[in-house]
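Notes to accompany the following structure.
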Amino acid sequence: MLVLGLVALVAGSVLGQRELVGVGVLLLVVPPLAALTVMGATARIAHSRSVLPARVTAGHDARVLVRVGNSSRTWPVSALFVEDTLPAPLGSEPRYTIGHLGPRAARDVTYLVRPAVRGSYPVGPLRVGVADPLGCVRVTRDVGAPSPLLVTPPVVPLDALGEADGSQGEQSPRRSVTGVGEQDPVPREYQHGDDLRRVHWRSTAKQGELMVRRDEQHWRENISILLDTRRSAHRGEGPDGSLETAVSAAASVAVHLIDGGHELRFLTERGRMHTADAAGVLDRLAVTRASDSRGLFGGIDQLGGSRGASSSLLVAVLGAVSPEEAAALSTVGGGSTRVAVLCEHGAWPTRLPPPPSTDAYGAVSAPRLPPPPSTDAYGAVSAPRPSSAPALPESVRGARDILASGGWRVLVVSSVSQLPALWRRATAGEGAAPYPPREGRR
């Protein structure tokens, strides 16, 4: 408009056309007047934001409610639009046109976000824009501070522990209980000075001598979990990455065991993760990032420490481990039930194809062709026999065999959805090979 107004003003003056000069003056005056109407308008915009819930599981919705208002008692806002800034994992940024907003007026806008990956994400700040009625001038600025949204890893329900809780029925000296601090009457022989009110008459009649109740405190079994968060051990990004699978698997096991009343010791290769309850575990795992540690031996040493030696259950959730690391882990906790979860899609090394063979004269031999398809008596091609199981990479099979030879129950998963069925087999003592053995192999 300024350019056209200047052209019209010059042309009208040269040609002597007063009407054209008037049009030029009008075009030159409108933009400054429009700028005066929006001056200070963005400063009069007040807003608030609520994220419900502020803590959500990955893959679930969170609702964001934004309220914008005009704090002025006199001046309206002619044309208002708002846009909430979001990080890429939360999706595209929502934009809403509010329009005219009178003095002391307010409007509410709401939208949903569905984060696919765990983490702590900022929602905001709010970007507000104000335009004049003719659309000549637009002013945009960011207001307020972002609101936090904590996204915890998804968990899957697991069956109750069988042999993995260390109990052996009535013959076990360690009994699994549901409470801590309750008193369990265990009879013993009467000693001088014992309170006669503690006499256990049923045991007295059975033993033929005076027996009294002995108060024995229940205990909670200690369980240790090792999570491999090394960057070099995992592959992939987003919800399909092996690190996210490992974190979700470890979170599922931890929440299941804590809800069952067990004391948990949660470890990574960087040290111990201090958690008091299931919510604390999920909150810490929500912000756990991949580490630059090159080896897993630090976490293995902590897993086999004094607390680990007394644990009734050891769980290791691993990415790609070397044969040396698998061998070191296989010797840990020999007296405990041990379960290892291997992420099949981790950064396992792949073997390169062998070089082409050559004959005595140095000529490259032709590759061996596959056998022709079999045919029936009528010459029809028979359907190929389905494979008994999908092939695991050789490096995964090697780590699995090393751990299994040391007494570990090994689960190989490519998705956390596979964990419940394999966990049921592992804790029931049925073994844990996710794939049936190959034909002809013992």
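The values are calculated or read from the model by the stated rules, or taken from the named source; none is laboratory data. On a predicted model such as this, the values are computed, not experimentally measured, just so you know. All Cβ positions, glycine included, derive from the backbone under ideal geometry; neighbour counts span all protein chains shown. These accessible areas exclude ligands, DNA and RNA; they are computed on the full protein's heavy atoms, side chains included. Shrake-Rupley method; radii C 1.70, N 1.55, O 1.52, S 1.80 Å.
General remarks:
- Taken together, the criteria place Val332 among residues that are surrounded by 14 or more Cβ atoms within 10 Å (Cβ to Cβ), touching a Gly at 6+ places or on another chain (Cβ under 7 Å) and outside any helix (DSSP H, G or I).
- Check on Leu243, outside any loop (DSSP other than H, G, I, E, B), within 18 Å of Val155 (Cβ to Cβ) and touching a strand residue (DSSP E or B) at 6+ places or on another chain (Cβ under 9 Å): yes
- Any chance Arg220 is modelled with pLDDT under 90, part of a loop (DSSP other than H, G, I, E, B), under 30 Å from Leu314 (Cα atoms) and open to solvent by 50 Å² or more (accessible area, probe 1.4 Å): yes
- Segments classed as strands (runs of 3 or more DSSP E), wholly inside region 48-131, with at least 2 members that are farther than 17 Å from Val151 by Cα: 62-70, 77-84, 95-101, 106-113, 126-131
- Filtering region 253-292 to residues that are open to solvent by 30 Å² or more (accessible area, probe 1.4 Å), closer than 18 Å to Gly319 by Cβ and either among the hydrophobic types (A, V, I, L, M, F, W, C) or in contact with a helix residue (DSSP H, G or I) (Cβ under 8 Å, 6 or more places away or on another chain) (or both) leaves Arg270, Asp292.
- Yes/no for Leu80 being without any contact (Cβ under 8 Å) to a residue 24 or more places away in the chain and more than 30 Å from Val156 (Cα to Cα): no
- If only residues of region 101-123 that are closer than 15 Å to Thr42 by Cα and not basic (Lys, Arg) are counted, the one that is least open to solvent (accessible area, probe 1.4 Å) is Leu101.
- Sole residue being modelled with pLDDT of 90 or more and open to solvent by less than 90 Å² (accessible area, probe 1.4 Å), chosen from Val186, Val128, Val199, Val177: Val128
- Those helices (runs of 4 or more DSSP H) lying entirely in region 254-318 with at least 2 residues in contact with a Leu (Cβ under 9 Å, 6 or more places away or on another chain) and at pLDDT below 90: 297-303
- Set Ala62, Ala58, Ala88: member being under 30 Å from Ala249 (Cα atoms), of a type in the set (A, V, I, L, M) and open to solvent by 40 Å² or more (accessible area, probe 1.4 Å): Ala88
- Residue that is farthest from Arg104 (Cα to Cα) [pool: residues in region 4-55 that are open to solvent by 50 Å² or more (accessible area, probe 1.4 Å) and of a type in the set (D, E, K, R)]: Arg18
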